[in-house]
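The values are calculated or read from the model by the stated rules, or taken from the named source; none is laboratory data. From a predicted model like this one, the values you see are computed outputs, not experimental measurements. FYI the Cβ positions are ideal-geometry reconstructions off the backbone, even for glycines, and counts take in every protein chain you see. The area values use the complete protein model at the heavy-atom level, side chains included, leaving out ligands, DNA and RNA. Shrake-Rupley method; radii C 1.70, N 1.55, O 1.52, S 1.80 Å.
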Amino acid sequence: MRYDSTPRILSSEITDETDYLNRREFLRLAGIAAAGAVASSACQADVSGATTSDGLSRGTDLGKLEKSVLSIDDKPNSFEDITTYNNFYEFGTDKSDPHRNAKDFVTEPWTLTVAGECSKPGTYDFDELMRGSTIEERVYRLRCVEAWSMIVPWAGISMATLLKRFEPNSRANFVKYTTLYDPDQMPTQRRRILDWPYVEGLTIAEAMNPLTIMVVGLYGKVLPNQNGAPMRLMVPWKYGFKSIKSIVRIEFTEKQPLNTWQISAPHEYGFYANVNPEVDHPRWSQARERRIGTGLFAEKIPTLMFNGYAEHVAHLYDGLDLAKNF
Ligand code: MTE
């Protein structure tokens, strides 16, 4: 991963929230049209345009969300900051590439394939999975390994609740996540800059931790493409690269899976990738971070152990040498 470069975002490149919603509204209506005569409850949910116990209506407001007690009180970054300064290498390697290049990314319909050590493997429709799920607002810190950070009001569902539906068995020690592979839509997948598709992994205890969520929204709206639509992982005590986007596959494994950045540069990026101000990246310090949105000349702020989530996760690493297991 390249060291964070100064943001070069022209105001003309910034997606206006209204434009974004209009496109989403269009998708929503297109979805209803495509559903045709199938008067299913999913279709009804679409028409209602809100989060109901029936399911997630895609392409619109998520309705009133409960703010999780696990949220932090810090003021979130702006919608513009969060949706125009991104890492999503499938759509380009500059921070301003994803929001421009992911505009037409098709996320409907979307399926999730579940495999490996569980009783309920299979291919699940995204809308079906979301039906009946409780979506909460989780305001979390996001700390990138490149030493910048943001505060993001994610909307997501508990990963533990989702994973338990597939009934992992006693050999499920790890969870491996995979991003969509579709070079026609994700132009950078034609370049061999990474080993595609992007993959990531967690221990089963990390995946089941109450902080870990499957994100489906942002600022109370359906997740923008550049942030990993329709669903992406969020593990807030780890460097941002662990939070894999646009997930199509979950596999329960006995052995620790490799992750994309570890495959790319094993001496720089490990499996755990816990935010740790005391363990520097070989090419830069991890002691401080630049908070996006505070201006180019703002002083960097200290990075917190486990990104400030130590009370929730430190016990997961008792006895583990965090300098070796970086
Ligand atoms: N997931 C995929 N599939 N491809 C990527 O390039 N980048 C990661 C992570 N997930 C990435 C990804 C990195 S390095 C970071 S910091 C976060 O996404 C950024 O998330 P954001 O753009 O929503 O802030």
Filter region 146-168 for residues that are within 26 Å of D61 (Cβ to Cβ) and among the polar types (S, T, N, Q); the one that is farthest from the ligand (Cβ to nearest atom) is T161
Whichever residue in region 183-217 is under 20 Å from Y239 (Cβ atoms) and charged (D, E, K, R) and, among such residues, is surrounded by the most Cβ atoms within 10 Å (Cβ to Cβ):
E200
When region 94-114 is checked residue by residue, the ones that are more than 26 Å from E251 (Cβ to Cβ) and either acidic (D, E) or open to solvent by less than 30 Å² (accessible area, probe 1.4 Å) (or both) are D94, K95, S96, D97, H99, D104
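Looking at region 155-165, is at least one residue in a strand (DSSP E or B) and basic (K, R)? Before you say what the answer is, go through the steps one by one.
Filtering region 155-165 down to residues in a strand (DSSP E or B) leaves 155-158.
Still in the running and basic (K, R): none.
The answer is no, given that none of the residues of region 155-165 is in a strand (DSSP E or B) and basic (K, R).
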Is there any pair with a first residue in region 126-145 that is modelled with pLDDT of 95 or more and within 12 Å of the ligand (Cβ to nearest atom) and a second that is among the charged types (D, E, K, R) and in a strand (DSSP E or B) whose Cβ atoms are under 8 Å apart and which are 6 or more apart or on different chains, and what are they?
R143/E289
Can you spot a residue in region 163-182 that is open to solvent by 40 Å² or more (accessible area, probe 1.4 Å) and among the small types (G, A, S)?
yes
Matching residues in region 275-304 - criterion: being under 21 Å from the mean Cα position of the chain (by Cα) and not in a loop (DSSP other than H, G, I, E, B)
E289, R290, R291
Go through (1) assigned to a loop (DSSP other than H, G, I, E, B); (2) within 12 Å of the ligand (Cβ to nearest atom) and name the single condition Y272 misses.
(2)
In region 115-132, what residues are in contact with a helix residue (DSSP H, G or I) (Cβ under 9 Å, 6 or more places away or on another chain) and surrounded by fewer than 19 Cβ atoms within 10 Å (Cβ to Cβ)?
D125, E128, R131
Would you point out the residue of region 218-262, among those that are away from the ligand (no atom under 12 Å from the Cβ) and within 21 Å of Q286 (Cα to Cα), that is least open to solvent (accessible area, probe 1.4 Å)?
W237
